[in-house]
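Read-outs: derived from the displayed coordinates by stated rules, not from any lab. This one's a predicted model, so the numbers in the text were calculated from it and none came from an experiment. Methodologically, a virtual Cβ is constructed for each residue, glycine included, from the backbone with ideal geometry; neighbour enumeration extends over all protein chains shown.
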Amino acid sequence: MIRALPRDVVDRIAAGEVVERPASVVKELIENALDARARRISVSVGEGGLGLIRVADDGTGIAEADLGLAFAAHATSKLADVGDLEHIGSFGFRGEALASIGAVSRARITTSIGTEAGGWTLACEAGVLLGPEPVATTRGTVVEIRDLFFNTPARRRFLGAARTEAARCREAVTSLALVHAGVCFDLEVDGHKRFRVDGGADLRERLAAVYGEDFVRDMVPLAGQHEGISVEGWLTLPAAAKPRPRAQHCFVNDRHVKDRALVAAVRSGCADFLPGSLQPAFVIQIHLDPARVDVNVHPTKAEVRFRERDEVFRAVRRACRDALLAANLSPRPRAEGIAARSMSPGWEAGPGPALAATGSPSSRTLPFRVESKPFTDRADRVGEALPPAVPAPAPAPVRRYLQVHDTYLVHEDPAGLVLIDQHALHERILYARLQDDLAAGRLESQRLLLPETVRLDPSDHARALGMQEELAALGLVVESFGPDTVAIHAVPAVLQHESVPDLLRALLDPPDAHGGIPNGLDRRLFTMACHAAVKAGDPLGEDEIASMLRQGEALDHDATCPHGRPTRLVIPPDELEKLFKRSGF
Amino acid sequence: MKLVTPRELFLHHLQLVAPISPVRTARPVFKDVLLEASPGQLRLVTTDGEISMTSIATHAGISGEGRAALPAGILLSAVRSLESDELTLEQKGPFHELTGGASSFKLHGEDPEVFPEIGSLDEDGAVAIPKTGFLDLCARTMFAAAKEMGRYAFNGVLLEIEPKEVTLVATDGRRLSLARMTTETGVSERASCILPLKGLAQLQRAASEGDDDVVKVQIRENQVLFALQGAQILSRLVEGEFPDFRAVLPKEKDAPLEAQIDRSELERAIRRAAVTAGEEARSVELSFDAGKLKISSRQDGLGESESEMPVEYQGEAVDIRFNPEFIGEYLKSLSDSAVTFRFKDRASAGYFATSERAVYVIMPITS
């Protein structure tokens, strides 16, 4: 027998879509507060949000007449007709949130529109309304959710431990607090104050308030415009990146979104600065015409769909890249780092679960840190590389080069003692040249007298033929030669001493084998540069070293190899003095 | 053992066989040279497991009897450093004592019985090939073989013996050099094998001196024996299938344009162009136009170079690019004063020739 589901069951099922876990409740309630134009939002979470979630704001409040509808499905004050869906400027619009939450908890709203009449309070337990009753309160709304999921034990079983859920709640508050300049946020977890973001704080100050000053010190600002898409934010320097993402926040028109493509775009912008195994921390704010983005994709509104996905990708990628190019990326070993600096915890590093895992900024754990770079530094170095025909104010210092373990190069320059990884630097030089050659259509290809046949498994065979054009642009001319074989008619001239089958297979590797660097052609240039570069263990002559350093200096960016490993470490004279305890004598 | 021998003679033969001994090996005995003395004759044998070389010194001044296995490198240095005209090598207890005048060495040897058996040196059925001609074929081809281990038999040189012709072919897949000579070989049908470079290089060394007229070549199932009067080289053959070189030799119609070029002038121009061709991706451009050839190269951040030379050429203007090493190595291998270059366009194979019997096919670099 088929029968319509009772109303309360329907509500509970629907609730599952919006109210996945305590953090989603926190997010919905804060967004409601923001929609009510709150200037101040206080959040308390108890027992991982399962015991208590309390969001208090000083917003417009709800009038008594509307209060009865607050817990009704698809009741919203924010959307009147379908046309409005095209230009969604508010956060809540589906009218689902409170109804869903009310169906699976013991909820209470206390609100006042600030008139002399005072306020009203309305309770809702598992969807059953109690009230409203008059109450004395100030302007604004307080929503208290207790015993979340008390009537859906199955959902409760899927949740993590209280500390995990509390960390997620914290992340939800963080992401909203970062982006809403002008609004003051504070967060309490189990009665302990976690952070407070002042209303007047800018993004950098907000990051510092939430993650700590040390964390922000390792970040660079980014900003860019591309095709009407504006990108702003902060990005960690590669040297401070971590194997697990600590903070990756994307906002589209001030809405927090989880979009893998945006994360990939950031990674792609960092691609040749950052090892594939490490994750950058970042906050990216994207602003574009609301008509160019569809936010009505997912009940939690965490996913968005861009009308011109590639343009957004490019805008983000370029902004990140430009930010890193403008920064000085050579890690500098620091005397303090080496001498195990003591930490300065404060309440920020308290027992909060999120912090326990990730709360240690890079400069505490790594002996190296990146310092922001004065622009003159670059200019000086380029100037030096010029032939002495250019009149120099002072005689250029004599350069001496030393190769250590057939792997590292040592030399001095005005910035200090420079240690270079020969493979990484050569890889970077070749990569830059290959990029230039590719862009100029000059990537040379050695034709083969005897086409080389390579047997491939069926998926590689299909991929090779699908990539024919891309491979040809790289100098590898591949044609089908039977069902499981390809014939190679030309190879990249720069790699002609490589084993052709190995090269082909390396170029066919799916992108995720390299840390998700999405741009296929570029990544293949990495592979080629890596294969062609001098290896660790190759002895080099002084001329070769000098030529390599000169070529490196001529590049826009030679601080990291294409895989993001640093090419050089610079120990400035004052650090040497500290290390040798010379300073102060 | 006991051996008395003129120093010069001993040194000469040691120098011939010592390069076979590998620098690094898991079997220490491969580093040794086996010495077998008998009145009037000394045999020296070295092997690396793939190639073995026997050199026989015959001289009235040699006397003694017995066998010894001594490290080839140290023995060579020791003999070189001694100054007397005559040397004595004698086993004394655990040592072999090498004496020359008032100086002496004590060297540790191996038991000669553990020195590996090398195959039979029976020369029956060997083909006699004129030595000078054969060395010329080697010089014209060996450079074109692949230096690295690659696919097929690229790191070897194909030897084909036909009733009236001997051919050597080497290729690394990007260029191919073929040289053949006419000679009565006495075989009734074509026989072929792939010779390893190391074995051929050893033959070149051994054959470049001595007054032999011919090199005797005997192709076996998986070995080849080269025999000279005082030396024999037994080498394992390169296994695999040599590519069908006849299929890739361009016909005249595939390369309708022809230029006559002065060899040494071209060689110098290529060397100049190579300076600015860069280190990794190297190419030089040959620009043919009526009566002249311009050779140029250019590398961003490095510079550019240009040379022009008169050539006999009547065709249209064509630019074609090659790896300068490929041309340079070829020209260096020649003693001829002029070369013919035939080609079609910038993307097709071109070939150099000094005669119908010596052809060098080379693939261009395109972008």
statement: Nearest-0.05 FRET efficiency for B:Q314 and B:E241 at R0 = 35 Å, using Cβ-Cβ distance, is 0.30
field: Footprinting exposure proxy for B:Y360, B:Y330 (fewest neighbouring C-beta atoms within 10 Å first)
entry: B:Y330, B:Y360
- prompt: Which whole number gives the average count of other chain Cβ atoms within 10 Å of the Cβ atoms across peptide A:435-443?
  reply: 2
- prompt: Which loop chymotrypsin sites (Phe, Trp or Tyr not before Pro) in the stretch A:92-185, with loop taken from DSSP, have no more than 15 other Cβ atoms within 10 angstrom of their Cβ?
  reply: A:F150
message: Can you tell me the convex hull volume per residue for the stretch B:224-289, based on C-alpha atoms, in Å³ to the nearest whole number?
response: 265
- prompt: How many partner chain Cβ atoms sit within 10 Å of a residue's Cβ in peptide B:249-262, on average, as a whole number?
  reply: 0
task: Would you kindly derive the ³J(HN,Hα) couplings of the stretch B:6-18 from the backbone phi angles with the Karplus curve 6.51 cos²θ - 1.76 cosθ + 1.60 (θ = phi - 60°), listing them in order in whole Hz, with x for Gly and Pro?
output: x, 4, 4, 5, 4, 4, 4, 6, 4, 4, 5, 8, 4
statement: Debye calc, one equal point scatterer per Cα of the stretch B:2-114, no solvent, log10 I(q)/I(0) at q = 0.09, 0.11 1/Å comes to -0.20, -0.30
message: With θ taken as phi - 60° and the coefficients 6.51, -1.76 and 1.60, list the Karplus ³J(HN,Hα) couplings across the stretch B:268-275 in order, rounded to whole Hz; mark glycine and proline as x.
response: 5, 5, 5, 5, 5, 5, 5, 4
- prompt: Once the Cα atoms of helix B:197-207 and of chain B are each reduced to a long axis, what angle between those two axes, in degrees from 0 to 90 to the nearest 10, is obtained?
  reply: 70
message: I need the calculated FRET efficiency for the pair A:R505 and A:D436, taking r as the beta carbon distance and R₀ as 22 Å, to the nearest 0.05.
response: 0.25
Taking the stretch A:425-532 and dividing mean pair separation by its residue count, relative contact order in percent (alpha carbons under 8 Å, at least six apart): 32
field: DSSP-loop trypsin sites (Lys or Arg not before Pro) across the stretch B:212-300, with at most 12 other Cβ within 10 angstrom
entry: B:K251
statement: Once phi for every residue in the stretch B:308-316 is put through the Karplus expression 6.51 cos²θ - 1.76 cosθ + 1.60 (θ = phi - 60°), the whole-Hz ³J(HN,Hα) values, with Gly and Pro written as x, are 10, 9, x, 9, 7, 8, 10, x, 6
- prompt: In degrees from 0 to 90, rounded to the nearest 10, what is the angle of the helix B:72-81 Cα long axis to the longest principal axis of chain B?
  reply: 80
field: Greater than 20 Å apart at Cα, pairs in B:K31/B:K131; B:K31/B:K106; B:K164/B:K332; B:K2/B:K92
entry: B:K31/B:K131; B:K164/B:K332
statement: For A:V189, the residues 5 or more places away or on another chain with a placed amide H closer than 5 Å to its own amide H are A:V45, A:R194
- line: Residue separation between A:E213 and A:T485 times 0.36 nm, minus their alpha-carbon distance, gives in nm 92.2 nm
statement: A:S459 and B:K292 label points (each 7 Å along its Cα→Cβ direction) are spaced in nm at 5.9
message: Cut-off is 10 Å between beta-carbons; in what order do B:V248, A:V26, B:V311 appear when sorted fewest neighbours first?
response: B:V248, B:V311, A:V26
- request: Can you tell me the FRET efficiency between B:E97 and A:L417 if r is taken as the Cβ-Cβ distance and R0 is 45 Å, rounded to the nearest 0.05?
  value: 0.25
- prompt: Under a Cβ-Cβ cut-off of 13 Å, what is the net charge of the residues other than B:V4 that fall near it, where Lys and Arg count +1 and Asp and Glu count -1?
  reply: -3
- prompt: log₁₀ I(q)/I(0) of the stretch B:249-362 at q = 0.18 Å⁻¹, via Debye over equal Cα point scatterers, no solvent, to two decimals?
  reply: -0.87
message: Using a 10 Å cut-off around each Cβ, can you sort B:V187, A:V189 from fewest to most neighbouring Cβ atoms?
response: B:V187, A:V189
